[in-house]
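The values are calculated or read from the model by the stated rules, or taken from the named source; none is laboratory data. Every value quoted in this text rests on a predicted model; they were computed, and no experiment measured them. Reconstructed Cβ throughout: ideal geometry from the backbone, glycine too, with neighbour counts over all protein chains shown.
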Amino acid sequence: MSQPDEKDAQPAKKSRTDRRVKIGFLIVFLVAAAAVYYSQIRGPELPGTWGDDLPAALAEAAAATPPKKVVVFIDSFPASFQGQEMIKGTLRKRRSVKDLAPFVKVHLRLDKDAAWAKKYGVTKAPTTLVLSADGGKFHKQEGRIGEIDFLKFLKAELKPVGTDP
């Protein structure tokens with residue numbers, strides 16, 4: 001039996017192209033994993049047009065003739081399980097989309113230090129508010145609202161700020 005040559009004993013050198021391909025695949029994998037992770041913590045999308053600026057929504061509602069009411073859906077980031085369930089099981093339903101048509105819609109992330117959170121007593125996510133165009137009257141529901149109860153919620157009487165509806 002012959003002894004192996006020194007050339008055969010050394011590991012084969014990897015080409016630069018081989019290394020670049022592997023690094024490329026690793027980068028693609030990491031970007032895809034980050035995109036999937038972010039989409040899951042962000043939660044499902046709300047149907048239709050939902051703004052993210054409460055003062056602008058109130059101004060838009062007040063400028064309408066007759067003045068419109070504002071629906072505010074407040075969730076956390078990352079999206080809470082109840083918030084995701086409310087979006088999927090209530091807000092995305094055809095009936096709810098139809099019921100929300102006459103309202104100005106706003107989607108906010110919970111910030112307990114925000115002036116609007118203090119004004120309306122929002123401390124939990126999800127919370128849904130219906131506000132008058134001037135922001136002086138409101139109705140609040142904490143937690144998930146089912147599809148059947150959602151229409152009743154939208155039609156509930158608004159109470160002045162400073163009272164706990």
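Key figures
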{"quantity": "Cβ pairs under 6 Å, 6+ apart, first in segment 134-147 and free of Cβ contacts under 8 Å to residues at least 40 places away in the same chain and closer than 20 Å to residue 68 by Cβ, second hydroxyl-bearing (Ser, Thr, Tyr) and outside any loop (DSSP other than H, G, I, E, B)", "calculated": "138/120; 141/128"}
{"quantity": "Subset tally (residues that are assigned to a loop (DSSP other than H, G, I, E, B) and closer than 18 Å to residue 138 by Cβ) for segment 67-83", "calculated": "3"}
{"quantity": "Flag for residue 74 being more than 25 Å from residue 129 (Cα to Cα) and modelled with pLDDT of 80 or more", "calculated": "no"}
